Structures are given as structure tokens and as C-alpha cells.
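Following: one structure in C-alpha cells, then a few remarks.
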Amino acid sequence: MKHHFYHFHARTFLWRRILTEEMLSFLLVFLVLVAPASAITRLQERSLLMYSSAPGATTSYKVSFGYLSTTAVGSIDMLVCYDPIPYMPCVTPTGFDMSHATLSDQSGEGGFGITTQTTNHIILSRPPSMPVASGLSSYTLSGVVNPTDNGQSFSIRLRTHSTIDATGSQIDAGSVRGRVTNEGVVIETQVPPMLIFCLARQVDDFCTGTDDTYYTDMGELSSDSTLTAQSQMAVGTNASGGFAITASGTPLAAGTNVIDSPDTPTESKKGTNQFGINLVANNEPVVGEDPDGPFANAVASSDYSVPNKYKFVSGDVVAYSPNVSLMKKFTVSYIVNSSEDLRAGVYTTTITYLASGRF
């Protein structure tokens, strides 16, 4: 009788600031996989200048940022909410009103006019054209009514689109923040860098919760069968350089007896000593799921994204994004095979996942 246990640790590091940090342990074997694609970038050097910060005052807002993508831009979407995160519910700040605002000035990348306008939402449009202005572009909205609640900051969520009505895929995105005050101080600010990362046997979308399970007993080893297990992790960042998740640890071992891991993607082979992971759905054996989430630029590394092939090399990057990726969920699959002559024992390992933002 041989029993197999896995421990998992998850750490999150940022160069500048970490919004959410999780350190988790898991008893299991995990595989990472994803398919590469899109590139959503962050608007550069974003700022908001409020000409008056008095609660309820009618004033002007100057929104400034730098374009990064070289895709033709036809519209700028401005949505005012308490929360700056684009996938969170939008609650309009109390007393805020931009339904009668006008675009009184624009500099840098110009030619825009207001085409859609509600209490907390404005769309600026122009015939789609490639951004050519260097440095910052600014857009001044006059006739904006400040929020009346001075106890909470608010945000303007920004998106650019190729279409003239802010439909379809976004090009660049970002947020700026402001706050009203009784002292009438002018506020200029921007959203700081952040990284969200969570890990457990099961995690909720957007890391809103986990099942708080970080240990798995995979059962009894046999040369006639393959043991399987899986865990999940979710990650998102507004870092312009994206994120990277590394996996570190040792193969399963009981004392000096070791179940080795292949250093190249390899099929599961019953009757051999083998431990490996990947991050995709598999049918030999049936285990795992494909990555889940709309941001296709967050992917599993190539060696960990081949269905039915497994690998584990300590220190490998198992998932990454080259730029901004707001949330993506990865399911890690673990497989263990054993030979007939494997010595009896309790085989265990600890795998550590580290998520880093590239700010």
C-alpha cells in the first residue's frame, strides 16, 4: 500500500504594489496550459484634473492619457463608477451628473465629439484613425456636476475602441480616480499597479472566494492505474508587462525513493514511475479543464499546454501574459504513475506557485 500526498504553496510578489496576495499550500500535482492570443494594453500616464473638488459643484474635468496601441481609434468610452475595476459592478457616485457636459477642449489626439451621454457615461467619437500624437492627449469636459459624497473616492473607467460607438473589442484600457472635499482642494491622481492571485483546489471567478482546501490524498499507487488530481488558480493584473507564474518543488518521494518527473512533455505511462502536470483538459487520463476567462493574452506556457502530455521542472514558468490581463482561471492537472518494483512508502511533495507582476 502506497499513499501519495501533495502540498501546494502559493506566493504573490509585486515590484511595486500588490493589491491581493495569497499564500497557499496544496497537496497535489498540477499542470498548466493555455492558448495565446489577444493584446489589450494600458493607457499610459493617466490623470484626472478637477477644476473644483467641492461637493455638488458644477465644474470641468480634464482627463489625460497617452495612447500605446497603434490600432485605429474611433471612440473613447468614459464610465464613472465608484470602483475602478472594469469587471466589477458600476455604481454611479451619489449626486454625480455629466448628462449636460460639453467637450470644451481637446489636445493631442483630437477630432472627437460627444455622441452618447448619460448621467455617468460619455462616449467621444470620430472617424477611426491611427493615433499619431506624441505624449499625452487631454479631453476637457465642462458642466460636470461633482458627487455630493465626500467620504468616498470615485473613478472614470476608460476604454478606446476602433468603432465610433465604443462597441466591439477594446484597444486600450485604464482608470483614473478623484474625490470631492469640503476644503476645495484640486485632486489629480491615477490608479496604482495591482496584481490579483488566488489558489486552492477550487477558486471562484475573479478570486472572490476559494474552497480553502490545499491538501489532497491521491490514494493508493498501483502499476495498473494512474492517480489524478487537480487544483485551480486565478490571476489578473493591470501591469503593462503582464504577469508570470512559476511552479517550484520536488518530485514525489518517500525517504530516498523518488518518483521522477519528465523534463519534456510526455504521455502518461502506466507501470512507470512518473509525476507530471499540465494546464489543459485531458482524456488520457480524464482530468483537468482548459483555461477559463475572456482575456486570451493570458496563457499557459507551451510545455504545459499540450493535452495528454505532462511535465514538471522546478522553476518553470507555467502561465503568463505579455501585457494587461484582468482575470483568467487555470486548472492544474496532476498525474502519478508507479512501477511494480516501487518501494512501499508515503510519497509526498510540496509545490510552490509564485505570481509576479511585470510593472
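Is there a residue being part of a loop (DSSP other than H, G, I, E, B), surrounded by fewer than 17 Cβ atoms within 10 Å (Cβ to Cβ), in contact with a Gly (Cβ under 6 Å, 6 or more places away or on another chain) and in contact (Cβ under 8 Å) with a residue 40 or more places away in the chain anywhere in the range 168-187? Don't jump to the end; show me each part of the working.
The first filter runs over the range 168-187 and keeps only residues part of a loop (DSSP other than H, G, I, E, B), leaving 168-169, 179-187.
Those still in the list that are surrounded by fewer than 17 Cβ atoms within 10 Å (Cβ to Cβ) too: 168-169, 181-187.
If we keep only those that are in contact with a Gly (Cβ under 6 Å, 6 or more places away or on another chain) as well, we get 187.
Now drop any that are not in contact (Cβ under 8 Å) with a residue 40 or more places away in the chain, which leaves 187.
So far as the range 168-187 goes, yes, one or more of its residues are part of a loop (DSSP other than H, G, I, E, B), surrounded by fewer than 17 Cβ atoms within 10 Å (Cβ to Cβ), in contact with a Gly (Cβ under 6 Å, 6 or more places away or on another chain) and in contact (Cβ under 8 Å) with a residue 40 or more places away in the chain.
Checking the condition at negative phi and modelled with pLDDT under 95, which residue from PHE330, PHE359 passes?
On the way: PHE330 fails: modelled with pLDDT under 95.
Unique residue meeting the criteria: PHE359.
Take the conditions within 25 Å of the chain's Cα centre (by Cα) and modelled with pLDDT under 85 and apply them to LEU33. Does it pass?
Yes.
Scan the range 148-167 residue by residue and report those that are β-branched (Val, Ile, Thr) and part of a loop (DSSP other than H, G, I, E, B).
Within the range 148-167, THR148, THR163, ILE164, THR167 meet the criteria.
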Inset, instruction - Go through (1) under 23 Å from VAL203 (Cα atoms); (2) surrounded by fewer than 24 Cβ atoms within 10 Å (Cβ to Cβ) one by one and return the number of the condition PRO262 breaks. - result: (1)
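From the set of residues in the range 188-207 that are part of a loop (DSSP other than H, G, I, E, B) and of a type in the set (A, V, I, L, M), which is modelled with the highest pLDDT? Reasoning before the result, please.
First, the residues of the range 188-207 that are part of a loop (DSSP other than H, G, I, E, B): 188-194, 201-202, 204.
Subsequent filtering for residues that are of a type in the set (A, V, I, L, M) retains 191, 194.
Values: VAL191: 67, MET194: 85.
Ranking the candidates gives MET194 first.
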Legend entry - Residue tally, condition assigned to a strand (DSSP E or B) and among the small types (Gly, Ala, Ser), over the range 315-348: 4
Inset, instruction - Output the number of residues of the range 199-251 satisfying the condition of being surrounded by fewer than 20 Cβ atoms within 10 Å (Cβ to Cβ), closer than 23 Å to SER325 by Cα and among the charged types (D, E, K, R). - result: 2
Inset, instruction - Considering every residue within the range 99-112, establish whether at least one is within 19 Å of ALA57 (Cβ to Cβ) and surrounded by 19 or more Cβ atoms within 10 Å (Cβ to Cβ). - result: yes
Legend entry - Within the range 205-245, tally of residues that are on the phi < 0 side of the Ramachandran plot, touching a residue at least 12 places away in the same chain (Cβ under 8 Å) and within 15 Å of the chain's Cα centre (by Cα): 14
Legend entry - Condition broken by ASP303, with the remaining ones in (1) of a type outside the set (A, V, I, L, M); (2) closer than 14 Å to LEU227 by Cβ; (3) free of Cβ contacts under 8 Å to residues at least 40 places away in the same chain satisfied: (2)
Inset, instruction - Determine if the range 287-302 includes at least one residue that is more than 27 Å from GLN170 (Cα to Cα), in contact with a strand residue (DSSP E or B) (Cβ under 8 Å, 6 or more places away or on another chain) and part of a strand (DSSP E or B). - result: yes
Legend entry - Selection from the range 47-96 of residues that are outside the structural domain of SER169 (by TED's automatic domain parsing) and closer than 22 Å to PRO127 by Cβ: none
Inset, instruction - Please find, among SER314, SER325, the residue that is surrounded by fewer than 20 Cβ atoms within 10 Å (Cβ to Cβ) and among the hydroxyl-bearing types (Ser, Thr, Tyr). - result: SER314
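The values are calculated or read from the model by the stated rules, or taken from the named source; none is laboratory data. Fair warning: this is a prediction, and the values are worked out from it, not measured in the lab. For neighbour counting, all protein chains shown are included, and Cβ atoms are generated from backbone atoms with ideal geometry for every residue, glycine included.
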